[in-house]
Amino acid sequence: MFIKDWRKEIFTVPNLLSLFRLVLIPIYVAIYLNAQSSADYYLAASILAVSCLTDMIDGKIARHFNMITSLGKVLDPVADKATQLTLIICLAVKYNALRYLLGLFVLKESFQLIAGSINLRKGKMLKGALISGKICTTVLFISLIVMVMLPGLSTKAVNIIVAVDAVFMLIAFVEYVIAYFFMDNKFQSLDE
């Protein structure tokens with residue numbers, strides 16, 4: 001079984017931080033969708049910023065204090081993707097252009113989920129996130145937090161942000177497709 005004893009693994013600091021990020025999602029949604037003032041939008045953006053910071057911190061703690069767990073290898077990306085998906089959906093309610101980004105996001109993540117599942121059945125998984133994926137996540141979070149903070153952005157500005165995000169997402173998508181189909185050196189055995 002991939003996660004041998006999740007009850008023991010759940011209580012590591014990195015995994016608790018990932019769970020905290022998941023708890024922040026409904027709080028963000030409630031604040032953003034009910035926002036009526038600049039202060040509300042800043043609060044929603046602050047919650048996202050805290051989520052991003054805990055994402056950076058949990059990985060550093062896991063590596064530095066040797067707290068890398070099988071559960072954390074699943075929980076951390078789930079928290080990332082759930083936060084990104086929620087953020088894009090919330091913004092798509094206000095900005096139509098985000099619907100295209102949402103479609104691309106769902107396509108990319110669906111591919112990774114299916115390809116990852118196939119590889120897990122073969123007893124292997126990616127060694128870690130690809131650099132293009134990390135860059136895409138960073139660009140996406142920064143640009144979307146800016147959109148939350150500045151709800152009065154012009155359609156042109158939103159379209160530019162969406163185009164930039166889409167380019168980074170496409171680059172990451174292509175690199176993951178290449179990795180899954182042509183780069184066995186990017187994988188490790190589940191026993192490692």
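The values are calculated or read from the model by the stated rules, or taken from the named source; none is laboratory data. All values derive from a computational prediction rather than experimental measurement. Note that each Cβ is placed from the backbone with ideal geometry, even for glycine, and that neighbours are counted across all protein chains shown. What goes into the accessible areas is simple: the full protein's heavy atoms, side chains included, and nothing from ligands, DNA or RNA. Shrake-Rupley method; radii C 1.70, N 1.55, O 1.52, S 1.80 Å.
When the stretch 132-141 is filtered for residues that are surrounded by fewer than 17 Cβ atoms within 10 Å (Cβ to Cβ) and modelled with pLDDT of 95 or more, only ILE135 remains.
Of a type outside the set (Val, Ile, Thr), modelled with pLDDT of 95 or more, surrounded by fewer than 14 Cβ atoms within 10 Å (Cβ to Cβ) and assigned to a helix (DSSP H, G or I), is that true of SER110? Yes; evaluated as a whole, the condition is true for this residue.
Please determine, by comparing only the residues of the stretch 147-189 that are more than 14 Å from LYS124 (Cβ to Cβ), over 22 Å from the mean Cα position of the chain (by Cα) and hydrophobic (A, V, I, L, M, F, W, C), which one is modelled with the lowest pLDDT. The extreme case among them is PHE182. Checking VAL50 against (1) modelled with pLDDT of 95 or more; (2) open to solvent by 40 Å² or more (accessible area, probe 1.4 Å); (3) over 15 Å from the mean Cα position of the chain (by Cα): exactly one of these is not met. Which one? (3) is the only condition that VAL50 fails.
When GLU192 is tested against the conditions (1) closer than 18 Å to LEU113 by Cβ; (2) at pLDDT below 95; (3) exposed (fewer than 13 other Cβ atoms within 10 Å of the Cβ), the lone failure is (1). Scanning the stretch 85-99 for residues that are in contact with a Leu (Cβ under 6 Å, 6 or more places away or on another chain) and touching a residue at least 40 places away in the same chain (Cβ under 8 Å) returns LEU87, ILE88, LEU91, LEU98. Counting the residues of the stretch 39-58 that are in contact (Cβ under 8 Å) with a residue 40 or more places away in the chain and more than 17 Å from ILE89 (Cα to Cα) gives 5. Among the residues of the stretch 2-35, those identified as at pLDDT 95 or above and not in a helix (DSSP H, G or I) are ASN34, ALA35. On the basis of being assigned to a helix (DSSP H, G or I), aliphatic (A, V, I, L, M), in contact (Cβ under 8 Å) with a residue 12 or more places away in the chain and surrounded by fewer than 17 Cβ atoms within 10 Å (Cβ to Cβ), does ALA115 make the cut? The answer is yes for ALA115. Checking each residue in the stretch 163-180 for being open to solvent by 70 Å² or more (accessible area, probe 1.4 Å) and in contact (Cβ under 8 Å) with a residue 60 or more places away in the chain picks out only LEU170. Looking only at the stretch 55-100, filter to residues that are part of a helix (DSSP H, G or I) and small (Gly, Ala, Ser); which one of those is surrounded by the fewest Cβ atoms within 10 Å (Cβ to Cβ)? It comes out as ALA82.
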